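Structure first, commentary second.
The values are calculated or read from the model by the stated rules, or taken from the named source; none is laboratory data. Bear in mind the structure is a predicted one, so any value in this text is a computation, not a measurement. Using ideal geometry, Cβ is built from the backbone for each residue, glycine included, and neighbour counts are taken over all protein chains shown. Note: areas computed on protein heavy atoms with side chains; ligands, DNA, RNA excluded. Shrake-Rupley method; radii C 1.70, N 1.55, O 1.52, S 1.80 Å.
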Amino acid sequence: MRAVEPIIHAPDFRGGWKDLVLTSQNVYVVDDDHDVRSSISFMLSTADLNSRPFSNGEDFLAHAHDLAPGCILLDVRMPRMDGFQVMAELEKANIDWPIIVMTGHGEVPVAVRAMKMGAVDFIEKPFGEDLLMASLERAFNLLKDRGGKAESKRLAKERVAQLTPREKDVLQGLVGGMSNKLLARQLNISLRTVEMHRANMMDRLQVASLAEALTLAVQAEVPALDGAEQPK
């Protein structure tokens, strides 16, 4: 088993990048060059960032599921597993953290390929602290936004999971744009029964309007009921 490099907890630095939203955030540095990892970790420490370096993609992926969400500084050109392979494996693992790729000077096609694969930014080596911190600030804003969306999705799924099977049928019908009358015909139940299930569904979801119910359904990725026409 390869030794894991220690997490570097930054000292209490006053001034400079301290005032940005980066304070105490996590950055994972994946680069096979020890000097590069050390240099980046030092720059991050002055901004009060938690830096954890990894010498190759395999080690990072082996620990990724145990790490707190953060931004990834990823070298593209590494032996055995390059940065593109790391990005592909992260996508398979549903780890959607902002990735900043580090490229050699003038490697524009490489940077474009990385951006198409989901990288949020790229920086050319060698780079200074200002460029690194500006890129990380953008990445952490994206991480915060993604985290908020993920939490909303989780909560929406929990609320939808509380519905009875028939109440979920009604919600799926509404997602498909069906009226109560069409729902009654599709489900082979009375209009009054549809209205009762719809009212119970609204109460269980704790929403006050159809718009709120549909917003929740979209967040929870509720599919349309079979036979319902999808709105164009």
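Before moving on, here are some points about what is shown:
- Per residue value of the accessible surface for segment 145-232 (all protein chains in place, 1.4 Å probe), Å²: 62 Å²
- Distance from the C-alpha centroid of segment 74-134 to that of segment 51-72: 14 Å, rounded to the whole angstrom.
- Beta bridges by DSSP in the chain, antiparallel share as percent, to the nearest 5: 5 percent
- A dipole drawn for the chain from +1 and -1 charges on Cβ atoms has a positive end, and of Leu174, Val36, Ser152 the residue lying farthest that way is Leu174.
- Element breakdown for segment 24-139 at a 1.4 angstrom probe: carbon and sulfur atoms account for 52% of the accessible area.
- Based on protein heavy atoms only, segment 77-131 ends up with 56 Å² per residue of surface accessible to a 1.4 Å probe.
- Seen against the Cα atoms of the chain and their longest principal axis, helix 34-45 is set at about 70 degrees.
- A simple charge model with +1 on the Cβ of Lys and Arg, -1 on the Cβ of Asp and Glu and nothing else charged puts the dipole of the chain at about 1240 debye relative to its Cα centre.
- Using just its DSSP H runs of length 4 or more, each adding -39500 (n - 2.57), the chain gives a mean residue ellipticity at 222 nm of -15500 deg cm²/dmol after division by all residues.
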